[in-house]
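Right, one structure below, let's go through it.
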Amino acid sequence: MHRDEIVKLSERIIAGVATEEEIMLYNRLCNSYNRPEEGWDEDLLGNRNELERELKIGIWREAGIDRPMVSMRWFKWVTAASMVVFIFAINSFVSQYNTGAQLQTSSIPSNKILHADIAPGQNGAILTLGTGETIMLDSAGDGSIVRQGNVSVIKKNGELVYKNQGRSQEVVYNTMTTPKSRQFNLVLTDGSKVWLNAASSITYPTAFVGKERIVTITGEVYFEVAPNASMPFIVKHGENTVSVLGTHFNVNAYDNEKVVSVTLLEGSVNVSRGSINRIIKPGQQAQIENDEKISLIRNVDVDHIVAWKNGRISFQGADLGTVMRQMSRWYDVDIEFNENLDDLFYADMARSTMLFDVLKALELTTDVHFKIEGRKVIAVP
């Protein structure tokens, strides 16, 4: 890319019309100055940090804010005056570049830029049958997977579908487990749809019999429950129970999170722990704490809560611990960070984004920086 191309790119970013790929390209080009690769001028290696500092201080000041408001799209909120700051910083940066080291992406070996990068998670899970037999769904092709009594299990378009071919009263339990960096969804025999986030599981009967539809989960699971007034749908996690007739809701029950949260998108659910019960309405979230207290949070951003299910990474004022734990689950990496860092993070990007680009986007919203060492992500001030 030549100087005028970089200026045009910056104009598109400021105007809020840049694509995610263009923003990632900018981040990646800036980051390359921190890596002394062949063909780069060693004297320019410190300029990227100076540029980023100018951008943060200048743009935020002109916009009249103390902290960035959004993430990959936070440029949309800056004023016209801040465009001048951004363009000036870009021009100053490029003017220091000599002819022999121009920004030409074709001359940057992609394997060197991404040598520390890590791919995002993908569809995949382990299905454990009632017999104890396990089936790797990652490699299983579409079509019939197994038949259990009168129930056929079919993989179709990246999801697992259970079809009851008879009226057997036999109860057989299956468990679907998603390791780190995997997600999957299934359709139960009653038509209820289930999405599993990374490092999660659900245990369920192949066919529902009796007066209740009971499943047990760990991790994070999103449900779209098929209505059935005569057979309530019950989700269990330890001592926590969510009871519904037909509704859409998300349960976040990871063991390493501070609370278990149930967020309702549609319908009505009853959340209980021991003798405590709370009924929540759409747009509300119940938070269950270890002391058996259930707090009700009103007017939550449900789109943010279920962003993972819709293929997005979304942080809206998330603390560092929350960010790092989610990165650990989705990218299957170890994490190292200081719990005392109190920065808040903002991001909204595709869940298919490479880890390197996610971390660089997050860096734009705080003073925290990230390093990738093998399969470990380290956060430093």
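The values are calculated or read from the model by the stated rules, or taken from the named source; none is laboratory data. Quick caveat: nothing in here was measured; it's all calculated off a predicted structure. Don't worry about glycine lacking a Cβ; one is built from the backbone with ideal geometry, like all the others, and counts go over all protein chains shown. Just the protein is used for accessible areas: all its heavy atoms, side chains included, with ligands, DNA and RNA removed. Shrake-Rupley method; radii C 1.70, N 1.55, O 1.52, S 1.80 Å.
Be a star and scan the range 202-228 for residues whose amide nitrogen sits under 12 Å from the point 7 Å along the Cα-to-Cβ vector of residue 241. Answer for this model: 212-215. Entry for the range 146-268 at q = 0.09, 0.16, 0.18, 0.19 Å⁻¹: log10 I(q)/I(0) = -0.23, -0.75, -0.96, -1.07, Debye formula applied to identical alpha-carbon scatterers, no solvent contribution.
Compute the signed sum of charges (Lys and Arg +1, Asp and Glu -1) over the other residues within less than 15 Å, Cβ to Cβ, of residue 245. Net local charge, residue 245 excluded: -1. Per residue, the convex hull spanned by the Cα atoms of the range 236-309 amounts to 87 cubic angstrom. Largest first, the residues 182, 147 sort by 1.4 Å accessible area into 147, 182. If you sort 167, 325, 298 by accessible surface, 1.4 Å probe, largest first, the order is 167, 298, 325.
Using a 1.4 Å probe over the heavy atoms of the protein chains, calculate the carbon and sulfur portion of the accessible area of the range 168-302 as a whole percent. The C+S portion of the solvent-accessible surface of the range 168-302 is 48 percent.
Residue separation of residue 266 and residue 142 scaled by 0.36 nm, minus their Cα-Cα distance, works out to 41.5 nm of gained length. The antiparallel fraction among DSSP beta bridges confined to the range 179-245 stands at about 80%. Applying 1/(1 + (r/R0)^6) with r as the Cβ-Cβ distance of residue 150 and residue 123 and R0 = 35 angstrom yields a FRET efficiency of 0.80. Normalised by residue count, the range 340-381 yields a Cα convex hull volume of 76 Å³ per residue.
What full-extension length gain, to one decimal in nm, is calculated for residue 171 and residue 350 as 0.36 nm per residue of separation minus the Cα-Cα distance? Stretched fully, the residue 171-residue 350 segment lengthens by 60.5 nm. For residue 304, the accessible area of its heavy atoms, probed at 1.4 Å with every protein chain present, is near 50 square angstrom. For residue 155, the solvent-accessible surface computed with a 1.4 Å probe is close to 20 Å², ligands and nucleic acids excluded.
Each Lys or Arg adds one and each Asp or Glu subtracts one; over the other residues with Cβ under 12 Å from the Cβ of residue 310, this totals +1.
Each 5 Å bin from 0 upward holds the following percent of the Cα-Cα pairs of the range 300-381: 3, 15, 29, 28, 17, 7, 1, 0. When restricted to Cα atoms, the range 177-231 yields an Rg and a Dmax of 11.7, 38 Å, respectively. Among the listed pairs 180/309; 156/180; 155/193; 156/376, those whose Cα-Cα separation exceeds 25 Å are 156/376.
Note on the range 217-342: semi-axes of the ellipsoid equivalent to its C-alpha gyration tensor, largest first and rounded to whole Å, are 26, 16, 13.
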